[in-house]
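This report concerns only the one structure given below.
The values are calculated or read from the model by the stated rules, or taken from the named source; none is laboratory data. Just so it is clear, the model here is predicted, and its values are computed rather than measured. Every residue, glycine among them, receives a Cβ derived from its backbone with ideal geometry; neighbour counts consider all protein chains shown.
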Amino acid sequence: MKLTILGSHAAALRWQAHPTAQVLELAGRHFLIDCGEATQMQLRRSKVKFSRIKQIFISHLHGDHYYGLIGLISSFELLGRKNALTIYAPKGIKEIITLQLKISEAELSYPLDFVELESEKPERIYEDDKVTVDTIPLHHRIYCNGYLFRAKIGQRRIAIEAAKKAEIDMAYFNKLKQGYDVPNKSGKLIPNASVTLDPHPPKSYAFCSDTMYYPKIVNQLKDLQVLYHESTFLESHKHLCERTMHSTAKEAAQIAKDAKVETLILGHYSGRYKDLEDFRREAQEVFPNVRLARDRKEFSF
Ligand SMILES: [Zn+2]
């Protein structure tokens, strides 16, 4: 699992401070999560291939989370994209994008689909043979979802030395991965567990975009591997959280602690702070394993 942060800041695009956008690589899929202004430039700088993105997940319709979308959709067209693109976003997105395309008389070279969200409850919105994606309803000024990405449990792994020793023909390796007992070269049935290892634990990532401190989400986040949680402010500006419906670093850490996740990534920093390390310091008072999102930083898990 690889996470590329394209933008990690709140509000307006500033020199070297891009608004929210991330690419999550999970089980071979490339998911774009939020699409703030200049996301396509950040994709290019991070050398993410445009054609690999087939799904885009938008948390909410505040500009710093989706104003890069129409530009990206247009660039896909200019580059002659053929692959279908699906956009998962709050209700309203289809009207916005369709109007922009209509007035400019743009005809796309690829199918563009929308999945509009309006449920206040978590729902499964995407599933394939390797991955599921669920919404995490958040508490913000307008309707807003986080997204929970989970890889499905993989196949058993061959213990090569043990399999060789048991004289199993390679033609049976696929059966072994599926958990079957198989015969060896002399026809003896070999128990699967003696020549295979358990699958790797499935990877999981939750993206919690703009929200107030909202303990209701903890249940959905239990024992996850990686949690991204916004931390727009430090405790010294906690009074601003209520008005703007954002969280502090300490509150994000409390969610991580209560959910018992392995790693917390902070981001969506307000422009008023000079030293982002202050976010880490504040969060670590509550939860030890804190990483800071920064523009174009990559995390591997
Ligand atoms: Zn917002």
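Looking at ILE125, ILE97, which is the one that is in contact with a helix residue (DSSP H, G or I) (Cβ under 8 Å, 6 or more places away or on another chain) and surrounded by 18 or more Cβ atoms within 10 Å (Cβ to Cβ)?
Among ILE125, ILE97, only ILE97 is in contact with a helix residue (DSSP H, G or I) (Cβ under 8 Å, 6 or more places away or on another chain) and surrounded by 18 or more Cβ atoms within 10 Å (Cβ to Cβ).
Only one of (1) surrounded by fewer than 19 Cβ atoms within 10 Å (Cβ to Cβ); (2) farther than 17 Å from LEU6 by Cα; (3) under 20 Å from the mean Cα position of the chain (by Cα) fails for LEU264. Which number is that?
(1)
Those residues that are within 30 Å of ARG243 (Cα to Cα) and of a type in the set (Phe, Trp, Tyr), I need them from the stretch 161-214; list them, please. Spell out how you get there, then give the answer.
Let us first name the residues in the stretch 161-214 that are within 30 Å of ARG243 (Cα to Cα), namely 205-214.
Those that are within 30 Å of ARG243 (Cα to Cα) and of a type in the set (Phe, Trp, Tyr): TYR205, PHE207, TYR213, TYR214.
Read through the list (1) away from the ligand (no atom under 16 Å from the Cβ); (2) buried (at least 18 other Cβ atoms within 10 Å of the Cβ), then give the number of the only condition that SER74 fails.
(2)
Within the stretch 182-230, track down each residue that is within 30 Å of HIS65 (Cβ to Cβ) and hydrophobic (A, V, I, L, M, F, W, C).
ALA206, PHE207, CYS208, MET212, ILE217, VAL218, LEU221, LEU224, VAL226, LEU227
Report, by residue number, each residue of the stretch 126-178 that is of a type in the set (Gly, Ala, Ser) and closer than 28 Å to LYS2 by Cβ.
Scanning the stretch 126-178 gives GLY146, ALA151, GLY154, ALA159.
Could you grab the pairs with beta carbons closer than 6 Å, sequence gap of 6+ or different chains, first residue in the stretch 81-105 and closer than 17 Å to HIS65 by Cβ, second one among the hydroxyl-bearing types (Ser, Thr, Tyr)?
That search, which allows pairs on different chains as well, returns PRO90/TYR143.
Go through the residues of the stretch 219-227 one by one and say whether even a single one is touching a residue at least 12 places away in the same chain (Cβ under 8 Å) and within 16 Å of the ligand (Cβ to nearest atom).
no
State yes or no: is CYS144 out of contact with any strand residue (DSSP E or B) (no Cβ under 6 Å at 6 or more places or on another chain), buried (at least 20 other Cβ atoms within 10 Å of the Cβ) and not basic (Lys, Arg)?
Considered against the rule, which asks whether it is out of contact with any strand residue (DSSP E or B) (no Cβ under 6 Å at 6 or more places or on another chain), buried (at least 20 other Cβ atoms within 10 Å of the Cβ) and not basic (Lys, Arg), CYS144 comes out as yes.
In the stretch 108-122, how many residues are in contact (Cβ under 8 Å) with a residue 24 or more places away in the chain and exposed (fewer than 11 other Cβ atoms within 10 Å of the Cβ)?
Within the stretch 108-122, residues that are in contact (Cβ under 8 Å) with a residue 24 or more places away in the chain and exposed (fewer than 11 other Cβ atoms within 10 Å of the Cβ) number 1.
Among the candidates PRO90, PRO122, single out the residue that is modelled with pLDDT of 95 or more and within 16 Å of the ligand (Cβ to nearest atom). Spell out how you get there, then give the answer.
Values: PRO122 fails: within 16 Å of the ligand (Cβ to nearest atom).
Testing whether each residue is modelled with pLDDT of 95 or more and within 16 Å of the ligand (Cβ to nearest atom) leaves just PRO90.
When you go through ARG243, ARG150, ARG156 one by one, which is the residue that is basic (Lys, Arg), within 28 Å of the chain's Cα centre (by Cα) and within 16 Å of the ligand (Cβ to nearest atom)?
After ruling out the rest, the residue left standing is ARG243.
Select from the stretch 6-42 the residues that are among the charged types (D, E, K, R), over 25 Å from GLN225 (Cβ atoms) and away from the ligand (no atom under 15 Å from the Cβ) and list them in ascending order.
ARG14, the sole residue that qualifies.
Would you say ARG141 is of a type outside the set (Ser, Thr, Tyr), in contact with a helix residue (DSSP H, G or I) (Cβ under 8 Å, 6 or more places away or on another chain) and within 16 Å of the ligand (Cβ to nearest atom)?
So ARG141 fits the description; yes.
Among the residues of the stretch 270-290, is there at least one that is of a type in the set (Val, Ile, Thr) and touching a residue at least 60 places away in the same chain (Cβ under 8 Å)?
Here is the first cut: in the stretch 270-290, the residues of a type in the set (Val, Ile, Thr) are 286, 290.
Subset that is touching a residue at least 60 places away in the same chain (Cβ under 8 Å): none.
Looking for residues that are of a type in the set (Val, Ile, Thr) and touching a residue at least 60 places away in the same chain (Cβ under 8 Å), one finds none in the stretch 270-290, hence no.
Report, ordered by the first and then the second residue, all pairs with beta carbons closer than 6 Å, sequence separation of six or more or different chains, a first member in the stretch 164-182 that is touching a residue at least 12 places away in the same chain (Cβ under 8 Å), and a second member that is among the polar types (S, T, N, Q).
From the stretch 164-182, the pairs are ALA166/ASN184; GLU167/ASN184; ILE168/ASN184; LEU176/THR196; LYS177/GLN155; GLY179/ASN192.
Under the condition of being closer than 18 Å to TYR269 by Cα and outside any loop (DSSP other than H, G, I, E, B), which residue from the stretch 43-70 is farthest from the ligand (Cβ to nearest atom)?
GLY63
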